1. Summarise the accessible area of segment 88-180 (1.4 Å probe, protein heavy atoms) by the percent that is carbon and sulfur.
2. Any idea of the accessible area per residue across segment 131-171, 1.4 Å probe, to the nearest Å²?
3. List, in order, the whole-Hz ³J(HN,Hα) value for each residue of segment 138-153 obtained from phi through the Karplus relation with A = 6.51, B = -1.76, C = 1.60 and θ = phi - 60°; use x for Gly and Pro.
4. Could you work out what % of the accessible surface of segment 25-87 is carbon and sulfur, using a 1.4 angstrom probe and leaving DNA, RNA and ligands out of the count?
5. Any chance you could give the angle, 0 to 90 degrees and rounded to 10, that helix 34-43 forms with the longest Cα principal axis of the chain?
6. Could you pull the Cα extents of the chain along its three principal axes, largest to smallest, in whole Å?
7. Let me understand segment 23-118 better: what is its radius of gyration from the alpha carbons, and its Dmax, in angstrom?
Amino acid sequence: MPARESRCFAEFAPEAGGVAPLRVTVRPASDADIPGILNINNQAGRPANTADSLAFAISDPGRLVVVATMAGEMSGWAKTHHWGYPDGEAPAGHYLGGVTVLPEVRRRGVAAALTDARLDWIWQRSETAWYVVNADNLASIALHRRWGFAEAARAPSFHTAQFSGGVGLLMRAVRPPTWR
């Protein structure tokens with residue numbers, strides 16, 4: 001996947017107060033991006049990934065790790081997973097992984113651009129995309145509805161995602177007939 005301006009850019013209006021969104025460019029991550037990704041995780045309060053786990057994900061041909069830039073600066077990152085086996089109600093298939101965006105550029109189109117790029121990649125491989133989310137994460141659920149994600153199941157865990165103190169949702173989207 002070459003670097004490209006996200007198709008989502010034009011969908012975002014200026015923030016309250018007149019701050020216009022900047023162009024968001026999404027490209028595949030490389031090992032050189034790992035320090036920037038770890039920095040984004042740290043600033044967002046999400047230090048769960050390690051340099052080794054990121055390097056493994058970046059090198060895995062069955063997964064996609066992407067970074068977003070705004071005005072040439074890394075502003076977020078995201079990944080996909082491929083589960084080759086079912087786990088309870090969660091089927092085998094391509095899943096959207098987490099999205100992490102720098103706090104100061106949230107609500108400016110970065111998460112949408114990262115999601116759009118990952119779904120383009122998944123749609124080239126499958127007609128179904130999955131993702132799991134805590135049922136309380138209404139912002140993520142609302143974001144993903146624009147791509148047709150709808151609830152498929154509820155459980156305390158799906159594959160390796162645990163929802164301690166909460167309920168997880170398994171969400172499903174089908175490749176649109178108008179895709180490319």
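1. 49
2. 51
3. With the stated coefficients, segment 138-153 comes to 5, 5, 5, 4, 5, 4, 6, 4, 5, 9, x, 5, 9, 4, 10, 6 Hz.
4. Carbon and sulfur: 54 percent of the exposed surface of segment 25-87.
5. Between helix and principal axis, roughly 90 degrees.
6. 44, 36, 35
7. Gyration radius and largest Cα-Cα distance of segment 23-118: 13.4, 43 Å.
The values are calculated or read from the model by the stated rules, or taken from the named source; none is laboratory data. Fair warning: this is a prediction, and the values are worked out from it, not measured in the lab. For accessibility, only protein heavy atoms count, side chains too; no ligands or nucleic acids. Shrake-Rupley method; radii C 1.70, N 1.55, O 1.52, S 1.80 Å.
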